Amino acid sequence: MPRVLMLRDDTPPARIETLDDNDLPQLGVTLDIDFSTLNYKDALAITGAGKIVRNFPMVGGIDAVGTVAHSNDARYASGQRVIVTGWGVGERYWGGFAERQRFDPDWLVPCPDPLSPRQAMLLGTAGFTAMLALIRLEKAGLTPSAGPIVVTGATGGVGCWAIQLLAQQGFEVHAVTGKPDKAQWLKTLGAHTLIDRHEFIAKVRALDKAQWAGGVDNVGSSTLAALLSRTQDNGCVAAVGLAGGMDLPTSVAPFILRGVSLLGVNSVTVPYAPRLEAWERLATLPEAMFEAIETETIGLDALPDKARAMVDGKTHGKVLIDPHR
Ligand SMILES: NC(=O)c1ccc[n+]([C@@H]2O[C@H](COP(=O)([O-])OP(=O)(O)OC[C@H]3O[C@@H](n4cnc5c(N)ncnc54)[C@H](OP(=O)(O)O)[C@@H]3O)[C@@H](O)[C@H]2O)c1
């Protein structure tokens, strides 16, 4: 009888419900879920602040790690630990805010050794996406010798992993944040320089003094415009998020006058081989990098309040969900 966080087109929009196994979707692999995690997209779905859920009723949660309880797919056996992120889970298909859930085997990747379930969800879509952004920048030829690199939305789930991953590769990371009280933590993660979020966008020109070799942008809108306008010749910026808005008030100037590249990152539909490659690379990260992520672990009941705090910009680091709490 799995407990789930069910989202309904109703008031309240999110509530705990207890289901029968027969109520779960008729998909190939049943997982006993160890952990999920709270992403910005989940927070928008739970609060209804963004149009994320495509069909109601919906079990939220775009990420999960769990142990296979039953499988009718030859690729996965009972007892195996697997990760699911993306593919519309928690949006179109029932997701990880549940004690037990069924998934399409095509959405899964084996949880690579030595990653523990907790570590897998300390990463979640956020860490996976930060790794995809790093790989995108590396493939575009960006190296630490090109100069400092910016991470915006620094204290967020993607931001704090992006700082650690880039710093580990030797980049000098400049972190843009709206939370000056988190300065010391951001430095511990590997940020070399901190920039106030409001100063960063105080005056955005089409082109400004070139200061950075590139960046990972989690904010969009004028923040991404400001970053593009200050990216040096042939620099690269990975566009990841829209925490500050979906618009992009810029011009073609950075692209045609400085040869700047804007690289899109979409973690949802990454095919199996590059998905596994990214997770295997994440599995090599040292334990200290997981310990450095400020983490709060909550049960399903506490999710609606935490989601509201995330939408209001009052969270930082990672929120882990233990559905058995
Ligand atoms: N492309 C993909 O596949 C993909 C994957 C994962 C996430 N995303 C997107 O990436 C973004 C970050 O995700 P996340 O999970 O890291 O979210 P998060 O944990 O909520 O972090 C977002 C961070 O952005 C900053 N921020 C929040 N509101 C802002 C505002 N109004 N203006 C400027 N900065 C603001 C805050 O950092 P500071 O206080 O430090 O500034 C906040 O911690 C989200 O938009 C998410 O939807 C995209």
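The values are calculated or read from the model by the stated rules, or taken from the named source; none is laboratory data. Note that this is a predicted model, so its numbers are computed, not measured. For neighbour counting, all protein chains shown are included, and Cβ atoms are generated from backbone atoms with ideal geometry for every residue, glycine included. To get the accessible areas, we keep the full protein, side chains included, count just its heavy atoms, and leave off ligands, DNA and RNA. Shrake-Rupley method; radii C 1.70, N 1.55, O 1.52, S 1.80 Å.
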Taking the condition among the small types (Gly, Ala, Ser), within 21 Å of Ala126 (Cβ to Cβ) and within 22 Å of the chain's Cα centre (by Cα), does Ala273 pass?
-> no
Residue pairs within 8 Å by beta carbon, gap of at least six or interchain, first lying in the stretch 242-266 and touching a residue at least 12 places away in the same chain (Cβ under 8 Å), second within 16 Å of the ligand (Cβ to nearest atom) and open to solvent by 70 Å² or more (accessible area, probe 1.4 Å), listed first then second, are Ala243/Tyr40; Leu263/Arg136; Val265/Arg136
Within the stretch 126-167, how many residues are polar (S, T, N, Q) and under 13 Å from the mean Cα position of the chain (by Cα)?
-> 2
Listed by first then second residue, the pairs whose first member lies in the stretch 166-184 and is in the same structural domain as Pro144 (by TED's automatic domain parsing), whose partner is away from the ligand (no atom under 15 Å from the Cβ) and part of a loop (DSSP other than H, G, I, E, B), with beta carbons under 7 Å and at least 6 positions apart or on separate chains, are Glu172/Pro148; His174/Pro148
Could you please find all residues in the stretch 148-164 being more than 13 Å from Met131 (Cβ to Cβ), open to solvent by 10 Å² or more (accessible area, probe 1.4 Å) and near the ligand (Cβ under 8 Å from one of its atoms)?
-> Gly153, Gly156
Residue count for the stretch 131-147, restricted to those that are small (Gly, Ala, Ser), in contact (Cβ under 8 Å) with a residue 12 or more places away in the chain and surrounded by fewer than 24 Cβ atoms within 10 Å (Cβ to Cβ) | 4
